[in-house]
Amino acid sequence: MDKIIEVKNLHKHYGAVKAVRGMDFYVERGKLFAFLGPNGAGKSTTIDMICTLLKPDEGEVIIDGFYLGQEDDRIRAVIGAVFQESILDDRLSVRENLMVRARFYSKDHRGIRAAIEKVIKVAELTEFIDRPYGKLSGGQRRRADIARALINTPKILFLDEPTTGLDPQTRKSVWDMIARLQKEMKMTVFLTTHYMEEAAKADYVIIVDHGQVATKGTPYELREAYSTDLIKIKPMETMRGRLIEYLGEQGLESVERERVFQIAIRSSQRAIELLMASREWIESFEVIHGTMDDVFLNIIGKEQKEND
Ligand code: ADP
């Protein structure tokens, strides 16, 4: 397996606050990776350390083979980052902002122009490229912020809540752009988000809480482990008794409303078994899958209860 980010036993204290305490995880090259957790869980502190902005108290971070604390310049050359507060200049046009950034990496005029043209295209900035950054809409700003982070063609793009504060339509367009970047440029994207429907589209998800990894897996694995599917079955009139009998035998609890049985099912496999067994008695059915929202609430809710 090709690990582009490895984080081992990472710790960071702010005085008495243990913001990160023993964080362990890795990210595979070329994947869309979602880093989730409630406010104060230690996400930003972890990202700041990985991006060389903050020194860890303890632990090891390896980015694309380079060791944090020893090869920070090499690390900075392979990453691009977009944080919540923009660092573009309001008075400069988008193009001028990109130029300033590109000059930071290169002195070669032709190379700079080519790099700028490339990000204009991938981030779809043409329409507003010569407009001052300060006059852009929220979605346009985000696209320009992301373009700035792409100027050095990074291997890893860090995005801290890239879609927060945008209206749903703009959120979707920014999200689509991120997903496209990741696929077309074969880039590793490391992002935090509060929107679970976005996390559900990631290749891999880590949920952190209290400065540690609470759980990890693909969205499918997490839904299987931490959420329940709801199956609604309407039996044929003559088969109602048979269905009740079967549910009893299987130890499945159900709620019946207007002849429709609602049954909470732990895994998709169990759902298939139930539907196979009862297929001859069913008039109609519906399967409502558990969501990443359920996963998040189940994990964070449980953690909070344990800590009470
Ligand atoms: P998240 O990004 O998951 O919301 P943070 O990494 O920002 O979490 O914060 C983790 C914990 O560290 C919180 O309790 C927060 O209040 C604290 N913290 C973060 N930054 C600082 C700082 N510069 N000084 C003191 N405490 C901080």
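Assorted remarks:
- Picking from residues in the stretch 181-203 that are open to solvent by 70 Å² or more (accessible area, probe 1.4 Å) and not in a loop (DSSP other than H, G, I, E, B), the one that is farthest from the ligand (Cβ to nearest atom) is GLU184.
- Checked against (1) within 16 Å of the ligand (Cβ to nearest atom); (2) assigned to a loop (DSSP other than H, G, I, E, B), GLN70 passes all but condition (1).
- In the stretch 20-37, residue surrounded by the fewest Cβ atoms within 10 Å (Cβ to Cβ) [restricted to those that are over 14 Å from LEU191 (Cα atoms) and within 13 Å of the ligand (Cβ to nearest atom)]: ARG21
- Inter-residue pairs, beta-carbon under 9 Å, first more than 27 Å from LEU297 (Cβ to Cβ) and free of Cβ contacts under 8 Å to residues at least 60 places away in the same chain and in the stretch 174-195, second more than 16 Å from the ligand (Cβ to nearest atom) and assigned to a strand (DSSP E or B), 6+ apart: LEU181/LEU157; LEU181/VAL189; LYS183/LEU32
- Top-ranked residue in the stretch 116-128 [being open to solvent by less than 10 Å² (accessible area, probe 1.4 Å) and assigned to a loop (DSSP other than H, G, I, E, B); ranked as nearest to VAL174 (Cα to Cα)]: ALA123
- Odd one out for ARG113 among (1) assigned to a loop (DSSP other than H, G, I, E, B); (2) open to solvent by 40 Å² or more (accessible area, probe 1.4 Å); (3) without any contact (Cβ under 8 Å) to a residue 40 or more places away in the chain: (1)
- Filtering the stretch 133-156 for residues that are open to solvent by less than 20 Å² (accessible area, probe 1.4 Å) and within 11 Å of the chain's Cα centre (by Cα) leaves an empty set.
- With respect to the conditions (1) free of Cβ contacts under 8 Å to residues at least 40 places away in the same chain; (2) open to solvent by 70 Å² or more (accessible area, probe 1.4 Å), LEU166 lacks only one, and its number is (2).
- Taking the numbered list (1) away from the ligand (no atom under 13 Å from the Cβ); (2) free of Cβ contacts under 8 Å to residues at least 12 places away in the same chain; (3) part of a helix (DSSP H, G or I) in turn, ASP48 passes all entries but (1).
The values are calculated or read from the model by the stated rules, or taken from the named source; none is laboratory data. Since this is a predicted model, take the numbers as computed values, not measurements. Here Cβ is always computed from backbone atoms with ideal geometry, including for glycine, and neighbour counts include all displayed protein chains. For the accessible areas, the whole protein counts, side chains as well, though only heavy atoms, and no ligand, DNA or RNA atoms are used. Shrake-Rupley method; radii C 1.70, N 1.55, O 1.52, S 1.80 Å.
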